[in-house]
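Here the structure is laid out as structure tokens; the discussion comes afterwards.
Please treat every number below as a calculation from the coordinates, not as lab data. Predicted, not measured: the structure shown is a model, and the values here were computed from it. Backbone-built Cβ (ideal geometry, glycine too); neighbour counts: all protein chains shown.
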Amino acid sequence: MLVKRRALINLHTQLENIPKEWLNVIEPRVFRGAFLPHWLWSGAYCKGHPVFYVDRKQKRVVRFVAKIFYEFPDDWHTSISCRHPGCINPNHIRIRKFHSNHYSD
Ligand SMILES: [Zn+2]
């Protein structure tokens, strides 16, 4: 099965086309600089991984973002290919069938 990619948010994206999960959960906690390729999580971390909480349950941000922008089976692994700590840029997310490195979650 292939990873299906949804359209990423860019300069021409209309507000109504931006996924609600992104606007509610991610956008208030992400820092993007004009010339910075990495989108940095300013929310909570657990063991070096960006996390957030829903009803006191911990969720991994990279996986949550991957699910917004890509379609892939639940048992596949997500990681950040740039290895920049705290980066959650959907373009830098790697989705693999098999666990490949210790940055995976
Ligand atoms: Zn990055």
The whole-number value in µm²/s of the Stokes-Einstein translational diffusion coefficient for the chain, with Rh from the Kirkwood sum over alpha carbon pairs at 20 °C and 1.002 mPa s, is 150 µm²/s
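Not counting the cut sites, what is the longest span of the chain without trypsin sites (Lys or Arg not before Pro) that DSSP labels loop and that have at most 16 other Cβ atoms within 10 Å?
It works out to 57-82.
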With 10 Å bins from 0: P(r) over the stretch 4-45, alpha-carbon pairs, percent: 23, 53, 23, 0
Given an 8 Å cut-off on Cα distances and at least 6 residues of separation, report the relative contact order of the stretch 19-96 as a percent. 28 percent
